[in-house]
Amino acid sequence: MQVDLVVIGAGLAGSCLAAAVAQRGWRVVLLERQRGPRHKVCGEFLSPEAQASLHALDLHATVAALAPAEIYRAAIISRQGQRLDMALPGVAWGVSRYRLDAALAHAAAQAGATVREGITGTAITQREDGYEVEVRDTANERTSISTRTAVVACGRHAVPGLRPSQDAAAPRQMYVGIKCHYAGLQLPPEVRLYLFDGGYVGISPIEDGQANLCLLASEEAFAHVGGRVPAMLDAVAHAIPALAHDLAGGQRLDDSMTVVGAVDTERPTVLWDQCARIGDAVTMIPPLCGDGQAMAIHAAEICAPLIDDVLAGRRSLAAWQTIYTTAWHAAYDQPLRTARWLQTLLGQPQISAGLIGIGTLLPMLAQQLVLATRGPQRIIVEH
Ligand SMILES: Cc1cc2nc3c(=O)[nH]c(=O)nc-3n(C[C@H](O)[C@H](O)[C@H](O)COP(=O)(O)OP(=O)(O)OC[C@H]3O[C@@H](n4cnc5c(N)ncnc54)[C@H](O)[C@@H]3O)c2cc1C
């Protein structure tokens, strides 16, 4: 099979890119190793910035049709119960990854992309006139796809045969991520982030009147509760009375409960390794900023017209690489540094209490700090 673009990974980044390139009439294959729809670990907070990219990719209506919850404010709450309130720079959306990822993959298929679920990309080899992408199906049958261009959008997962994006030489703090939905909670239109020893937990509304609870805990904190997800959820609710209050009367929807390990929020950035990487395949921003999904979709927005140019012969592969990597670094190097610094400081009880205290006294300063963790501010007012 000879196609124009193969995208490895049908998460947000991959599906948005596949949809945008297929819309331009190119032959696109989107590979996804799992079958959907399925729950994913995520706070499911889709920032106002993400909506600007969805607009640019002509996918805003697709996501709006999922009737996301609207979110207007954010609050960080210290271990001592001190609260720092902030207005968001626009309206954010709360929408489950169960619905969102399925809708975007469907949009890619509607645009003409061939979406192949249960197919894992196992290696990419660059040739003079394109790439050979090796794939494996669930029965372990192996084959390959010849393509003029290729993009890796496999999230945090390494694609075998490609240089791993982890820097094994530098041991770093690793985290465990847990997500669970709740029904029957009366939450205001805000995202609340509670700090606890060893991590933080967010709670916010999503579609259908449900709520998302998502936490990031150090591997040590998770081991401390015996490495069991329900025990971790109970432990944070016990440690944070205000969270227990938020959850009171709600019903935990256990079939939505998901967990991921080895979450590395300091992974070095790799934007190009034979071909472009987009989304979490590049690196990972600390989830407390709620920026990861926006970055993933924005990378698709940057790359889609460049791929169109390359396929039409208007630009070289090298020009795509230069323009993409320059734009990405300009947009995200500084937010990444600030977000990592902020996550480290908020992880320290006394410093975080001091920071929240200062932020309460000087709200403009807190707002500036939050904006410094974010990519380009292109807020969509209509919703
Ligand atoms: C605890 C936690 C909370 C978070 N909360 C938020 C939040 O509230 N807001 C926010 O904006 N961001 C949040 N994020 C970040 C956000 O989830 C990611 O930035 C986002 O999912 C990145 O999208 P992606 O498409 O790059 O990767 P993914 O969504 O991970 O998608 C990658 C896809 O590729 C597939 N795949 C992997 N390998 C292969 C292969 N070899 N072949 C074929 N398919 C493959 C996977 O199955 C997957 O479907 C959070 C992250 C964590 C860990």
May I ask you to list the residues in the range 217-242 that are within 19 Å of LYS179 (Cβ to Cβ) and in contact with a strand residue (DSSP E or B) (Cβ under 7 Å, 6 or more places away or on another chain)? ALA217, SER218, GLU219, ALA221, PHE222, VAL229, MET232, LEU233, VAL236, ALA239, ILE240
Determine whether the range 188-201 contains at least one residue that is within 30 Å of GLY14 (Cβ to Cβ), open to solvent by 40 Å² or more (accessible area, probe 1.4 Å), of a type in the set (Asp, Glu) and modelled with pLDDT under 95. no
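Can you confirm whether ILE145 is assigned to a strand (DSSP E or B), over 19 Å from ALA300 (Cβ atoms) and β-branched (Val, Ile, Thr)? Let's see the steps before the verdict.
Values: assigned to a strand (DSSP E or B): yes; over 19 Å from ALA300 (Cβ atoms): yes; β-branched (Val, Ile, Thr): yes.
The answer is yes for ILE145.
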Only residues in the range 245-269 that are under 14 Å from LEU233 (Cβ atoms) count as the first member; pair them with residues that are among the basic types (Lys, Arg), Cβ under 8 angstrom, at least 6 apart or cross-chain, and list the lot. ASP246/ARG192; SER256/LYS179; MET257/LYS179; THR258/LYS40; THR258/LYS179; VAL259/LYS179
Between a first residue in the range 9-28 that is within 15 Å of VAL310 (Cβ to Cβ) and at pLDDT 95 or above and a second residue that is within 11 Å of the ligand (Cβ to nearest atom) and in a loop (DSSP other than H, G, I, E, B), which pairs have beta carbons less than 8 Å apart while being 6 or more apart in sequence or on different chains? LEU17/ALA153; LEU17/ILE278
Is it true that some residue in the range 92-102 is touching a strand residue (DSSP E or B) at 6+ places or on another chain (Cβ under 8 Å) and farther than 24 Å from HIS39 by Cβ? no
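Would it be correct to say that ASP264 is of a type in the set (Asp, Glu) and within 16 Å of the ligand (Cβ to nearest atom)? Lay out the reasoning, then the answer.
Numbers: of a type in the set (Asp, Glu): yes; within 16 Å of the ligand (Cβ to nearest atom): yes.
Here the answer is yes, as ASP264 does meet what is asked.
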Return the residue satisfying two criteria in turn: it lies in the range 276-316 and is more than 9 Å from the ligand (Cβ to nearest atom) and among the small types (Gly, Ala, Ser), and of such residues it is surrounded by the fewest Cβ atoms within 10 Å (Cβ to Cβ). GLY313
I need a count of the residues in the range 262-272 that are open to solvent by 40 Å² or more (accessible area, probe 1.4 Å) and closer than 14 Å to CYS42 by Cα. 0
For the range 129-139, does any single residue satisfy the condition of being crowded, with 20+ Cβ neighbours inside 10 Å and at pLDDT below 95? no
Extreme residue, nearest to PRO89 (Cα to Cα), among residues of the range 349-366 that are in contact with a helix residue (DSSP H, G or I) (Cβ under 7 Å, 6 or more places away or on another chain) and open to solvent by less than 20 Å² (accessible area, probe 1.4 Å): ALA366
Could you tell me how many of the residues in the range 219-241 are in a helix (DSSP H, G or I), without any contact (Cβ under 8 Å) to a residue 24 or more places away in the chain and of a type in the set (Gly, Ala, Ser)? 4
Take HIS39 and tell me if it is surrounded by fewer than 20 Cβ atoms within 10 Å (Cβ to Cβ) and within 14 Å of HIS298 (Cβ to Cβ). no
For the range 203-228, what are the residues that are open to solvent by 10 Å² or more (accessible area, probe 1.4 Å), within 15 Å of the ligand (Cβ to nearest atom) and either touching a Cys at 6+ places or on another chain (Cβ under 8 Å) or small (Gly, Ala, Ser) (or both)? CYS214, SER218, ALA221
Any residue that is small (Gly, Ala, Ser), in contact with a strand residue (DSSP E or B) (Cβ under 6 Å, 6 or more places away or on another chain) and closer than 21 Å to VAL63 by Cα - is there at least one of those in the range 200-212? yes
Only one of VAL159, VAL152 that is modelled with pLDDT of 95 or more and either more than 17 Å from the chain's Cα centre (by Cα) or surrounded by 16 or more Cβ atoms within 10 Å (Cβ to Cβ) (or both): VAL152
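Yes or no: ARG97 within 11 Å of the ligand (Cβ to nearest atom), open to solvent by 20 Å² or more (accessible area, probe 1.4 Å) and at pLDDT 95 or above?
Working: within 11 Å of the ligand (Cβ to nearest atom): yes; open to solvent by 20 Å² or more (accessible area, probe 1.4 Å): yes; at pLDDT 95 or above: yes.
Considered against the rule, which asks whether it is within 11 Å of the ligand (Cβ to nearest atom), open to solvent by 20 Å² or more (accessible area, probe 1.4 Å) and at pLDDT 95 or above, ARG97 comes out as yes.
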Failed condition for GLY177, given (1) modelled with pLDDT of 95 or more; (2) in a loop (DSSP other than H, G, I, E, B), with all others met? (2)
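The values are calculated or read from the model by the stated rules, or taken from the named source; none is laboratory data. Just so it is clear, the structure is predicted and the values come from calculations on it, not from any experiment. Cβ sites come from the backbone with ideal geometry, for glycine too, and all protein chains shown count toward neighbours. With ligands, DNA and RNA removed, areas are computed over all heavy atoms of the protein, side chains included. Shrake-Rupley method; radii C 1.70, N 1.55, O 1.52, S 1.80 Å.
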